[in-house]
1. Within the stretch 21-74, work out how many residues are over 27 Å from P5 (Cβ atoms), in a helix (DSSP H, G or I) and of a type in the set (A, V, I, L, M).
2. For the stretch 11-20, which residues satisfy the criterion of being free of Cβ contacts under 8 Å to residues at least 12 places away in the same chain and in a helix (DSSP H, G or I)?
3. Could you look through the stretch 1-49, keep only residues that are among the small types (G, A, S) and closer than 22 Å to R64 by Cβ, and pick out the one that is surrounded by the fewest Cβ atoms within 10 Å (Cβ to Cβ)?
Amino acid sequence: MSISPETYKAIFEDDRRGAAILEHLTQIFARPAVTTGGIDAVLQTYHRDGQRRVIEFIVTQINRANGVEPTEGE
């Protein structure tokens with residue numbers, strides 16, 4: 001099943017409830033890298049990166065629906 005960028009925009013930008021959910025998800029899952037703690041910090045950073053990528057995917061879809069194409073690497 002393919003979901004269009006316009007659908008992401010309608011849910012997470014146009015609908016204020018969806019926008020509030022996206023903001024909440026961002027607060028929870030878009031955290032910075034861990035910089036202390038050796039290998040445990042690296043593992044925690046990888047874990048956080050995986051969570052953040054979901055948020056980045058949603059934002060990229062919204063941007064596409066608004067005519068903003070992602071830069072290379074996104």
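1. 4
2. I11, D14, R16, R17, G18, A19, A20
3. Residues of the stretch 1-49 among the small types (G, A, S): 2, 4, 10, 18-20, 30, 33, 37-38, 41.
Then keep just the ones that are closer than 22 Å to R64 by Cβ; that gives 2, 4, 10, 18-20, 30.
Values: S2: 4, S4: 11, A10: 14, G18: 16, A19: 14, A20: 11, A30: 15.
Filtering the stretch 1-49 for residues that are among the small types (G, A, S) and closer than 22 Å to R64 by Cβ, the one surrounded by the fewest Cβ atoms within 10 Å (Cβ to Cβ) comes out as S2.
Quick grid of which residues meet (1) among the small types (G, A, S); (2) within 14 Å of the chain's Cα centre (by Cα):
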residue	(1), (2)
E13	no, yes
R31	no, yes
V42	no, no
T45	no, no
T60	no, yes
G67	yes, no
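Where a number appears in this text, it was derived from the coordinates with a stated rule and is not lab data. Predicted, not measured: the structure shown is a model, and the values here were computed from it. Virtual Cβ from ideal backbone geometry, glycine too; neighbours counted across all protein chains shown.
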